[in-house]
């Protein structure tokens, strides 16, 4: 259900009281065209660099994306928990060994500003490889569709 605060409250008051509900602020989804364009360019860049598409995507997230540092007890396998990450070091605290990871936000989790930075970085990488891209105006139009 999407609506104003008052509409959401009215809706919730009419629902089954034994169930749980999640309420969050509505944010418009990114333009599918912009997302498609991103993956189209990722594929072209991957081919030019002779890398896999996912490997290229991770490279772009590392260069242009958002990240956080996370520390985990060293014997825990983080692969089931984090999709995009890189080991950043180890330490010992109170006799326990920890591994530190830089965890990158996936593009599907990014807001419009973050995705804009990622796409602009990708465009620069493509230009450096001689890959033709849309004009600045066309890219701005795609990005502007998210706001």
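Read-outs: derived from the displayed coordinates by stated rules, not from any lab. The model shown is predicted, which means the values in this text are computed figures rather than measured ones. Here the Cβ is made from the backbone with ideal geometry for all residues, glycine too, and neighbour counts use every protein chain on show.
For the chain, the alpha carbon positions stretch 58, 55, 20 Å along the principal axes, listed from largest to smallest. Restricted to Cα atoms, segment 83-128 shows a radius of gyration and a Dmax of 16.1, 50 angstrom.
For the chain, the 222 nm mean residue ellipticity estimated from helices alone, with every DSSP H stretch of n ≥ 4 adding -39500 (n - 2.57) and the total spread over all residues, rounds to -14000 deg cm²/dmol. Relative to its residue count, segment 3-67 spans a Cα convex hull of 146 Å³ per residue. Quick one: grab the alpha carbon gyration tensor of segment 70-147, order the square roots of its eigenvalues as a ≥ b ≥ c, and give me rounded if a/c is under 1.5, else prolate or oblate depending on whether a/b is larger than b/c. Prolate shape, in that a/c is at least 1.5 and a/b is the bigger ratio.
Its relative contact order, with pairs defined as Cα atoms under 8 Å and 6+ residues apart, puts the chain at 27 percent. Multiplying the residue separation of residue 68 and residue 25 by 0.36 nm and subtracting their alpha-carbon distance yields 13.2 nm. Comparing 24, 127, 136 in a Gaussian network model of the chain, where Cα atoms under 10 Å apart are tied by springs, the biggest mean-square fluctuation is seen for 24. Taking 18, 91, 108 as the candidate residues, the one with maximal mean-square fluctuation in a Gaussian network model of the chain, Cα springs under 10 Å, is 18. Computing FRET efficiency as 1/(1 + (r/R0)^6) for residue 127 and residue 87, where r is the C-beta to C-beta distance and R0 is 35 Å, gives about 0.65.
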